[in-house]
Every structure is written in C-alpha cells, then in structure tokens.
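Single-structure report; data block below.
Each value in this text was obtained by applying a stated rule to the coordinates, not by laboratory testing. What you are looking at is a predicted structure, and each value in this text was computed from that prediction instead of being measured. Cβ atoms come from the backbone with ideal geometry, glycine included; neighbour counts cover every protein chain shown.
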Amino acid sequence: QVQLVESGGDLVQAGGSLRLSCAASGSIFSIKYMGWYRQAPGKQREFVAGIPTGGDTNYADSVKGRFTISRDNAKNTVYLQMNSLKPEDTAVYYCTMLVAGRNYWGQGTQVTVSS
C-alpha cells in the first residue's frame, strides 16, 4: 500500500507564489510517473503538470511558464512550484503517482488566490 501526503496549500494574493509538496510512503520500489491535478469548485478535475521517470515534463497550457514540476526520487517526493498565481488557479490540488502499475492519489491541498 502506498500513501501520498500533500502539503503547501495556502491563501495567497494574485501574483504571489507557492510551493506544493507530495511525499509518498509505503511499499515503493519505483515510481514511474508523478503528476499534479486540480479541481476548482463546480468543475472537473484537470491535469496541471506531469513528470515521468526519465522523461520530459509536461504542463497544461494554462500554467506553462508559471508552474514548474520537479521530483526527488531519493525522497519519493514531487513538487509544484507555482509563480505568478492568478485567481483562476484557486482549486484543490491533488498529486498522483504511478507505482507498480497502479495510480495513487493524495488527499488534496487547498490553494486559494485572492484578487
């Protein structure tokens, strides 16, 4: 069993920055993929950024140039650096990891951007 725990969500003013973290624990041998999704009130969950093992990062068009995803394999942790935040970035942010062919999800962390 694998558990993901996110942290770093907060209330921030537009134009500000936040860094989200997501650490995995449990029976982990290798993590093939790490990513971030978000869900705003009344909307479906949407892809934000992803980083496969040994592959290129990819981003949603809405966050390109503002968000940066990175990972620390030794710590089984994925990060999301969010800069130039906008009110439309307000959402619950979820991390996801692909471990042994199964997708795991964190509980979510709230990011609120005030105008």
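Region 88-112 and region 12-42 have their alpha-carbon centroids 5 Å apart. Computed extension gain for residue 102 through residue 84, at 0.36 nm per residue and net of the alpha carbon distance, reaches 3.2 nm.
Simple point charges give the picture: +1 on the Cβ of Lys and Arg, -1 on the Cβ of Asp and Glu, and for the chain a dipole about the Cα centre of about 140 debye. Taking amide H positions as modeled 1.01 Å from N, with prolines and chain starts lacking one, the residues under 5 Å from residue 85 and 5 or more places away or on another chain are 15, 16.
Please report, in debye to the nearest 20, how large the charge dipole of region 1-67 is about its Cα centre when each Lys and Arg carries +1 at its beta carbon and each Asp and Glu carries -1 there.
Computed charge dipole of region 1-67: roughly 80 debye.
Within the chain, how many lysine pairs that are 8 or more places apart, or on different chains, have C-alpha atoms less than 27 Å apart?
Value for the chain: 6.
Computed from the C-beta positions of residue 68 and residue 110 and an R0 of 30 Å, the FRET efficiency is 0.90 to the nearest 0.05.
DSSP beta bridges fully contained in the chain are about 95 percent antiparallel.
Of the peptides 16-23, 33-40, how do they stack up when ordered by the mean number of other Cβ atoms within 10 Å, highest first?
Most protected by this proxy first, the peptides run 33-40, 16-23.
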